[in-house]
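Read the structure below first, then the notes.
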Amino acid sequence: MSELQRTRIEPSICPFCGVTLELATGRGVPEPGALSVCSECGEVSVFSADLTHRALTRTEIEKIMANVKLSRKIAFFQAYSKPRRDASALN
């Protein structure tokens, strides 16, 4: 299994919180269709053909929800998004 690496990407805006995203963490350079979890808000988006972030379609959301392994991976990365880190510090 290869290690996760950070890759600089062209700046793109999170479709949910509006933060500018400039780094991708994964196993190499992201490709169109790859999922992304925003490090600021924890929402899931997908890389479009030009590697900007877009919201998932209903069909894409349903496919993710049906895939238990993928849903668990997303939940793991969401646990480290900023709002969740901040909320856990209050407990």
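In whole percent, what relative contact order does the chain give with Cα contacts below 8 Å and a gap of six or more residues?
Details: 140 pairs, mean separation 21.5, N = 91.
Here the relative contact order equals 24 percent.
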Residues with amide H under 5 Å from that of I9, placed H, sequence gap 5 or more = L23, A24
Does the chain come out rounded, prolate or oblate by the C-alpha gyration tensor, with a ≥ b ≥ c the root eigenvalues, rounded set by a/c under 1.5 and, if not, prolate when a/b is larger than b/c and oblate if not?
-> rounded
Assigned charges on the beta-carbon of Lys, Arg, Asp, Glu; segment 5-86 dipole about Cα centre (debye) = 400
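How long is the gain from S71 to D50 if the chain were fully straight, where each residue apart is worth 0.36 nm and the alpha carbon distance is subtracted? Kindly include the intermediate steps, with their values, before the conclusion.
Details: separation 21, 0.36 × 21 = 7.56 nm, distance 2.50 nm.
Length gained between S71 and D50: 5.1 nm.
We did not get these values from a lab; they are worked out from the coordinates using the rules stated. Note that this is a predicted model, so its numbers are computed, not measured. Using ideal geometry, Cβ is built from the backbone for each residue, glycine included, and neighbour counts are taken over all protein chains shown.
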